[in-house]
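Q: Just passing along the structure, written as C-alpha cells.
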Amino acid sequence: MEKLIVTNTILINAPAAIVWDVLVNPSQTKKYMFGCETVSDWQVGSSLLWRALYEGKEAVFVKGIIIDIQPEKLLKYTVIDPNAAMADIPENYLNVTYELVGPNGEINLIVTQDGFEGAADGQKRYGDVYNNGEGWNPVLVQIKALAETLAAEKKSS
C-alpha cells in the first residue's frame, strides 16, 4: 500500500509561545478539539489523553503516547480511539505531528497525520482524516483564530 499522509498548514500571526499554549493547554484545546482537553505531563514516552464530558460522564475519546516534544517547535504523538472495535496494539496507532516553523509572530503550523497503511481500518481512517481534502483545516482555522485573539489581547494589555 502506498504511504497515506494528510498534511495541512496554516499561517498564524502570533508568537510561538502562544501557538504552543493553544496546542498543549487543556483549557485551550477544549475550545477547538470538540470539547476535549489534553491530559499529559508532556514528556517523551508519557501518555496523552483527549477527554471530555459525554452524557454527564468523563470519557476519553483519543489516547496516545508522546513521541517527541520540543516546546514551541515540535510535538509528535500517537493516537487511537480507545472506543473503537480495533485492538489496542502499537500497529493500530496513527501519528500526529505539529511543527511550528517561521519567524516569531508569523508561525506556519504544519500538521501531519500518518501511519494509516499499517493500521486496522487504515484506508477508512485515512478517508475520515482526509475529509474530502479538508484534512485538519477545520481545526487549524480554529487554532489560528484562538491564537491570534490571545496574541491581540496580550498586545493590548
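Q: Around LEU48, which amide H atoms from residues at least 5 apart in sequence, or from another chain, sit under 5 Å from its own amide H, with H modelled in the peptide plane?
A: Amide H neighbours of LEU48, under 5 Å, 5+ apart: GLY64, ILE65, ILE66.
Q: By count of other Cβ within 10 Å, fewest leading, how are LYS144, LYS124 ordered?
A: LYS124, LYS144
Q: What is the log10 of I(q)/I(0) for region 54-139, computed with the Debye formula using one identical point scatterer on each Cα and no solvent, at q = 0.10, 0.21, 0.24, 0.26 Å⁻¹?
A: Values returned for q = 0.10, 0.21, 0.24, 0.26 Å⁻¹ are -0.31, -1.09, -1.23, -1.30.
Q: Still on this structure: Are there any helices in the chain, counted as whole DSSP H runs, that stretch 15 Å or more along their axis by Cα and score at least -1.0 on average by Kyte-Doolittle, and if so which?
A: Flagged H segments are 137-156.
Q: Bin by bin, in steps of 5 Å, what percent of the Cα pairs in region 1-81 do you find, going until the bin that has the longest distance?
A: Calculated P(r), rounded to whole percents: 3, 13, 20, 26, 20, 11, 6, 2, 0.
Q: Could I ask something else about it? Give me the compactness ratio for the chain, meaning the Cα radius of gyration over 2.2 N^0.38 Å.
A: This ratio for the chain stands at 1.04.
Q: Then there's this: Running a GNM on the chain with Cα contacts under 10 Å, which residue among GLY56, GLY133, GLY122 ends up with the highest mean-square fluctuation?
A: GLY56
Q: Beyond 31 Å between alpha-carbons counts as too far, so tell me which of LYS63/LYS155; LYS31/LYS76; LYS30/LYS124; LYS3/LYS57; LYS57/LYS154; LYS30/LYS155 fall in that bin.
A: Check vs 31 Å cut-off fails for LYS63/LYS155; LYS3/LYS57; LYS57/LYS154.
Q: A further question follows. Using Cβ contacts closer than 10 Å as the measure, can you line up SER27, SER46, SER156, SER40 from fewest to most?
A: Placing the least packed residue first, the sequence is SER156, SER27, SER46, SER40.
Laboratory data are not the source of any read-out in this text; all were calculated from the coordinates shown. Please read all numbers here as calculations on a predicted model, not as lab measurements. All Cβ positions, glycine included, derive from the backbone under ideal geometry; neighbour counts span all protein chains shown.
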